[in-house]
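Q: Below: one structure in structure tokens.
The values are calculated or read from the model by the stated rules, or taken from the named source; none is laboratory data. Predicted model, so just to flag it, every value in this text is computed and none were measured. All Cβ positions, glycine included, derive from the backbone under ideal geometry; neighbour counts span all protein chains shown.
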Amino acid sequence: MAVLVGEDTRVIVQGITGREGSFHTKLMLEYGTKIVAGVTPGKGGQEVHGVPVYDTMEEAVAEHPEANTSIIFVPARFASDAVYEAIDAGMKVVVVITEHIPVHETMKFVNYAKSKGTVIIGPNCPGIITPGAAKVGIMPGHIFKPGPVGIVSRSGTLTYEIAYSLTRAGIGQSTAIGIGGDPIVGLTFTEAMEYFEKDPQTKVLVLIGEIGGDMEERAAKMIEEGRFTKPVVAFIAGRTAPPGKRMGHAGAIIMMGTGSYQDKVKALEKAGVRVARIPQEIPKLVEEVL
Amino acid sequence: MKLFEFEAKDILRKYGVEVPPGVVVGKTDDVEARIKEAGLEPPLVVKSQVLVAGRGKAGGIKLVNSVEEAVETAKRLFETPIKGLKPSYILIEKAIPHDVELYAAIVIDRSERKPVVLASRYGGMDIEEIAREKPESIVRQYIDPFVGLKGYQARLIGKKIGLTGKALASFAMFLQALYRAFVEYDAELAESNPLALVGDKVIPLDARIIVDDNALFKHPELRTARVEESGEYTEWEVKARKLGLAFVELDGDIGVIGNGAGLTMTTMDLVYEFGGRPANFLDIGGGASAELVKTAVGFLMEMPKVKKIFMNIFGGITRCDEVAKGIVKAIEELGGLKKPLVVRLSGTNEEEGRRILREHGLEAYTDPIEAVKRVISL
């Protein structure tokens with residue numbers, strides 16, 4: 001068992017002929033992810049690392065009806081078009097790697113996806129991995145291993161850092177999801193937690209947040225209200241970030257009196273979550289509750 | 001990107017909103033001539049165009065009763081920093097006598113993932129203040145982004161803040177124009193505060209629009225040399241933006257480079273945790289090329305307040321070999337290391353990256369804690 005992706009995942013890579021699309025197709029294939037097709041408009045008929053390329057999602061799905069997941073490497077100006085194409089082609093999960101998509105566009109396709117029952121992960125995210133089963137993303141596969149810890153994170157590289165420290169400590173992961181660093185993302189902390197709550201493999205959840213927005217506070221509320229019952233360990237990035245400044249991620253900004261490090265830690269601790277001061281403390285805190 | 005008040009008002013005017021008659025002057029303009037050309041009669045309001053909140057209380061807005069006084073005031077305001085920022089422009093407007101000040105704004109609600117209209121009968125103070133003092137007065141209306149703000153919703157909001165008759169119609173028209181500006185300019189925020197009620201119509205005395213940086217490619221007309229003019233950024237932040245670097249200046253002396261916002265912020269947090277002070281936040285993002293890495297390293301090497309540099313890289317879409325090549329290029333172009341550099345490399349193509357650095361006499365760390373302790377000890 002795992003969350004959202006696993007043995008049954010069959011992937012279409014949108015933007016497969018680009019530099020990043022092609023590079024990560026290779027890495028995903030090496031990891032064992034079952035990639036059935038790629039799509040790049042105008043490049044239909046080609047192959048990338050043995051994967052057949054189509055001009056449209058419709059053609060790709062017609063030839064590979066088992067496809068259920070797409071991953072998008074399309075440049076920002078064309079990325080939302082690719083998202084709608086994936087939703088309309090019936091994908092259950094759409095992972096949007098692309099950074100710098102205008103927030104008004106994201107706001108629309110996230111709402112559209114919801115009305116169609118599609119789960120969007122991202123944008124501006126590293127993707128999702130169920131170690132040993134499927135990697136639909138750009139994370140280095142070798143730093144993960146199967147096990148009992150679910151990870152949900154707003155930051156890509158921090159996820160790697162923490163997963164790697166868990167793996168080195170001998171603690172594996174059920175599924176790790178990078179939900180993305182934009183102000184609006186598809187799958188939120190609380191939605192991801194609903195999946196982890198139902199997953200028997202997941203015994204502990206590691207939540208990696210950062211300043212800006214109120215997703216961590218909402219997660220805390222969910223725990224307090226008893227809607228998430230497994231132990232949670234957290235880390236929040238940006239303790240020393242000044243207010244009013246955008247820290248790289250479009251969503252990482254303390255503004256209009258919300259989104260501060262202190263508020264998030266307070267809310268989480270009140271809900272009984274152990275919050276690590278540095279990422280390297282996470283394995284120890286996980287061991288204590290495992 | 002924050003727009004100046006006069007730019008936001010120009011946009012609203014374009015969508016049919018009546019704004020106070022006014023003229024924008026620069027430092028070298030003949031202010032008196034510009035006021036007369038525009039046909040403005042006193043009393044006038046002289047407004048410093050700086051992009052900070054609470055401008056009025058900080059002394060950036062002055063009411064004057066003659067053209068001479070306006071000229072004097074403008075001259076003085078050009079030299080008056082408002083919360084540390086000196087204006088490049090001053091807006092001189094006809095003063096609009098009014099009794100009631102309303103508040104109206106449209107923002108993106110991150111949790112609901114929808115635009116939300118916020119309105120209150122009690123404008124003039126900022127929204128945090130209204131939320132504190134008159135929380136019950138704030139009307140919230142979520143908008144379906146596919147449908148947009150409908151006329152009936154705008155009227156309903158107007159009704160809830162106590163407007164009736166022609167004033168209600170005027171407010172509804174204003175709100176729809178504000179929504180149009182919000183959508184067509186890809187705004188994160190479109191706000192008028194105060195929105196004056198003058199007889200039976202509303203007139204925005206102030207207007208604020210923040211455009212999503214990721215949508216600026218759709219609005220090339222907004223991109224004119226404004227990074228320096230905004231006064232929002234420090235000298236080095238302006239330079240960094242021109243180089244395409246995601247950079248924030250801080251007050252310490254350890255230069256920080258990371259890949260990914262979360263890791264870079266955490267790297268700052270680590271530097272603090274172990275007793276150092278970061279000089280900056282510099283995120284090379286995902287999939288950085290050697291060229292970008294070279295630019296980033298070269299940039300911090302040149303920044304005087306940076307005494308040593310800590311690079312914390314965990315490769316995903318970023319390849320450690322590209323990062324290593326970039327570091328080597330920077331060192332070669334600078335003719336050697338000008339400041340101590342501590343590098344931590346893990347992840348994609350880590351071995352190759354390590355090998356490249358080793359060939360050039362640099363040993364990369366695997367453990368960030370060891371690396372951060374090392375850089376602080378230098």
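Q: More than 12 Å from every other protein chain (Cβ to nearest Cβ) and among the small types (G, A, S) - does that describe any residue in segment A:152-171?
A: The answer is yes; a qualifying residue exists.
Q: Please determine, by comparing only the residues of segment A:101-115 that are without any contact (Cβ under 8 Å) to a residue 40 or more places away in the chain, out of contact with any strand residue (DSSP E or B) (no Cβ under 9 Å at 6 or more places or on another chain) and at the interface with chain B (Cβ under 7 Å from one of its Cβ atoms), which one is surrounded by the fewest Cβ atoms within 10 Å (Cβ to Cβ).
A: Here the answer is A:K108.
Q: Still on this structure: Can you tell me how many residues in segment A:1-47 are within 18 Å of A:A62 (Cα to Cα), more than 19 Å from the chain's Cα centre (by Cα) and outside any loop (DSSP other than H, G, I, E, B)?
A: Of the residues in that region, 5 qualify.
Q: Right, here's the next one. Inspect all residues belonging to segment A:252-263 and state whether any of them is touching a helix residue (DSSP H, G or I) at 6+ places or on another chain (Cβ under 9 Å) and more than 30 Å from B:A53 (Cβ to Cβ).
A: No, every residue in segment A:252-263 fails to be touching a helix residue (DSSP H, G or I) at 6+ places or on another chain (Cβ under 9 Å) and more than 30 Å from B:A53 (Cβ to Cβ).
Q: If B:E237 satisfies every condition in (1) modelled with pLDDT of 90 or more; (2) of a type in the set (D, E); (3) not in a helix (DSSP H, G or I) but one, which is the exception?
A: (3)
Q: Among the residues of segment A:183-242 satisfying the criterion of being in contact (Cβ under 8 Å) with a residue 60 or more places away in the chain and polar (S, T, N, Q), which is surrounded by the most Cβ atoms within 10 Å (Cβ to Cβ)?
A: Filtering first and then ranking leaves A:T202.
Q: Could you go through segment B:12-29 and let me know if any residue there is part of a strand (DSSP E or B), at negative phi and under 18 Å from the mean Cα position of the chain (by Cα).
A: Within segment B:12-29 (the criterion being part of a strand (DSSP E or B), at negative phi and under 18 Å from the mean Cα position of the chain (by Cα)), the answer is no, since none of the residues qualifies.
Q: Next question, about the same structure. What do you reckon, is A:L205 modelled with pLDDT of 95 or more, closer than 16 Å to A:V119 by Cβ and in the same structural domain as A:D263 (by TED's automatic domain parsing)?
A: No.
Q: Now, a different point. Collect the residues in segment B:281-316 that are within 11 Å of chain A (Cβ to nearest Cβ) and closer than 16 Å to B:D251 by Cα, keeping them in residue-number order. Let's see the steps before the verdict.
A: So the first thing to find is which residues in segment B:281-316 are within 11 Å of chain A (Cβ to nearest Cβ), and the list is B:281-287, B:289, B:312-316.
Selection gives B:F281, B:L282.
Q: Need at least 2 residues that are assigned by TED's automatic domain parsing to the domain that holds B:A181 per element, so show me which helices (runs of 4 or more DSSP H) inside segment B:66-168 make the cut, counting only ones lying wholly within it.
A: The qualifying helices (runs of 4 or more DSSP H) are B:127-133, B:151-160.
Q: So, of the residues in segment A:141-151 that are within 13 Å of chain B (Cβ to nearest Cβ) and either under 15 Å from A:T202 (Cβ atoms) or among the basic types (K, R) (or both), which turns out to be surrounded by the fewest Cβ atoms within 10 Å (Cβ to Cβ)? So that I can check it myself, show each step before the final result.
A: Of the residues in segment A:141-151, the ones within 13 Å of chain B (Cβ to nearest Cβ) are A:141-144, A:151.
Then drop every residue that is not either under 15 Å from A:T202 (Cβ atoms) or among the basic types (K, R) (or both), which leaves A:144, A:151.
Details: A:F144: 25, A:I151: 27.
So the residue we want is A:F144.
Q: Yes or no: segment A:233-246 includes at least one residue that is more than 12 Å from every other protein chain (Cβ to nearest Cβ), among the β-branched types (V, I, T) and not in a loop (DSSP other than H, G, I, E, B). Spell out how you get there, then give the answer.
A: So the first thing to find is which residues in segment A:233-246 are more than 12 Å from every other protein chain (Cβ to nearest Cβ), and the list is A:233-234.
Keeping just the survivors that are among the β-branched types (V, I, T) gives A:233.
Applying the additional criterion that residues be not in a loop (DSSP other than H, G, I, E, B) yields A:233.
Yes, segment A:233-246 contains at least one residue that is more than 12 Å from every other protein chain (Cβ to nearest Cβ), among the β-branched types (V, I, T) and not in a loop (DSSP other than H, G, I, E, B).
Q: Hey, could you check segment A:70-120 for residues that are among the hydrophobic types (A, V, I, L, M, F, W, C) and assigned to a strand (DSSP E or B) and say which is farthest from B:D213 (Cα to Cα)?
A: The residue in question is A:V93.
Q: Specify which of the listed residues (B:L156, B:L175, B:L195, B:L163) is more than 27 Å from the chain's Cα centre (by Cα), surrounded by 19 or more Cβ atoms within 10 Å (Cβ to Cβ) and away from every other protein chain (no Cβ under 14 Å).
A: On inspection, the qualifying residue turns out to be B:L163.
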